[in-house]
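Have a look at the structure below before the remarks.
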Amino acid sequence: DSHVFNEPLIRENMGHHLKDINAILSEFLYKKQFFREICSGYLKNILVKILREVQTEEIGTSGINEILEYIHKNYSEDIKNNTLAEISGYHSYHLNRLMKKATGTTLHQYLINYRIESAKQYLRETDFPILKVSELCGYKNFSNFSHDFKTKTGVSPSGYRADFRNTI
């Protein structure tokens with residue numbers, strides 16, 4: 001993990017470290033007993049926080065890409081956060097934070113959005129019954145599919161298909 005500090009690291013918006021930096025300056029200025037040890041502790045704290053930020057950014061990209069690829073290939077299956085956590089090697093709570101940071105949405109909402117976009121494609125391009133479309137998109141319960149579809153699109157699945165066919 002120390003490889004991160006082997007090259008210059010330029011960070012923007014370091015204001016959240018300002019309190020620790022001011023504490024270091026104050027300790028160094030007044031040089032009270034054990035000031036070196038206290039300054040060292042503050043500096044280590046800043047460096048560890050920066051290291052965590054950098055690693056989260058790196059992990060966020062690769063880990064999230066693995067998760068997105070898995071979702072895109074397996075959206076028709078029952079996907080659990082625990083499964084995604086196992087794939088990436090990170091706790092499901094941490095994954096949700098990374099996902100939110102990378103995509104602006106939670107894992108659950110991303111999966112729903114992807115499933116609904118896939119359902120829209122099926123409804124436009126096939127004559128599959130709507131129940132079959134819901135199953136192909138990973139829904140075990142048609143009512144949940146219908147609810148999610150209408151919430152995301154503003155129309156029912158059958159209404160969406162009819163609207164699409166009427167515009168052609």
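The values are calculated or read from the model by the stated rules, or taken from the named source; none is laboratory data. Small disclaimer: the values here were computed from a predicted structure and weren't measured. Please note: Cβ atoms are built from the backbone with ideal geometry, for glycine as well, and neighbour counts cover all protein chains shown. The protein model used for the area step is the full one, side chains on, heavy atoms only, and it has no ligands, DNA or RNA in it. Shrake-Rupley method; radii C 1.70, N 1.55, O 1.52, S 1.80 Å.
Where does the chain land at 222 nm, in deg cm²/dmol rounded to the nearest 500, when only DSSP H runs of n ≥ 4 count, each adding -39500 (n - 2.57), divided by all residues? Write down the numbers at each step before the final one.
On the way: 8 runs with 122 residues, N = 168.
Computed ellipticity for the chain at 222 nm equals -24000 deg cm²/dmol.
Principal axis extents of the Cα atoms in the range 13-168, from largest to smallest and rounded to whole angstrom, are 79, 31, 23. Looking at the chain, the accessible area is 67 square angstrom per residue; that uses a 1.4 Å probe and ignores ligands, DNA and RNA.
Over the chain, what is the relative contact order in whole percent, taking alpha-carbon pairs under 8 Å and six or more residues apart? Write out the running numbers ahead of the final one.
Working: 108 pairs, mean separation 24.9, N = 168.
Relative CO of the chain lands at 15 percent.
Computed over the chain with a Gaussian network model linking Cα atoms closer than 10 Å, the most mobile of Phe128, Phe149, Phe28 is Phe28. When you count the other C-beta atoms within 10 angstrom of each residue and take the mean per peptide, 131-139, 158-166, 105-113 line up highest first as 131-139, 105-113, 158-166. Highest mobility in the GNM of the chain, judged by mean-square fluctuation with C-alpha springs under 10 Å and restricted to Ser26, Ser156, Ser88, is found for Ser26. Under a Gaussian network description of the chain, with springs only between Cα atoms under 10 Å, the residue in Asn74, Asn22, Asn144 that fluctuates furthest is Asn22.
Loop-located trypsin sites (Lys or Arg not before Pro) across the range 73-129 with a Cβ neighbour count of 12 or fewer within 10 Å are Lys80, with loop assigned by DSSP. Counting 0.36 nm for each residue step from Lys73 to Asn144 and taking away their Cα separation leaves a gain of 23.4 nm.
Roll a 1.4 angstrom probe over the protein heavy atoms and tell me the percent of accessible area of the chain that is carbon or sulfur.
Numbers: 5940 of 11260 Å².
That fraction is 53 percent.
Model label points for Lys49 and Ala162, set 7 angstrom from Cα along the Cα-to-Cβ axis, are 5.8 nm apart.
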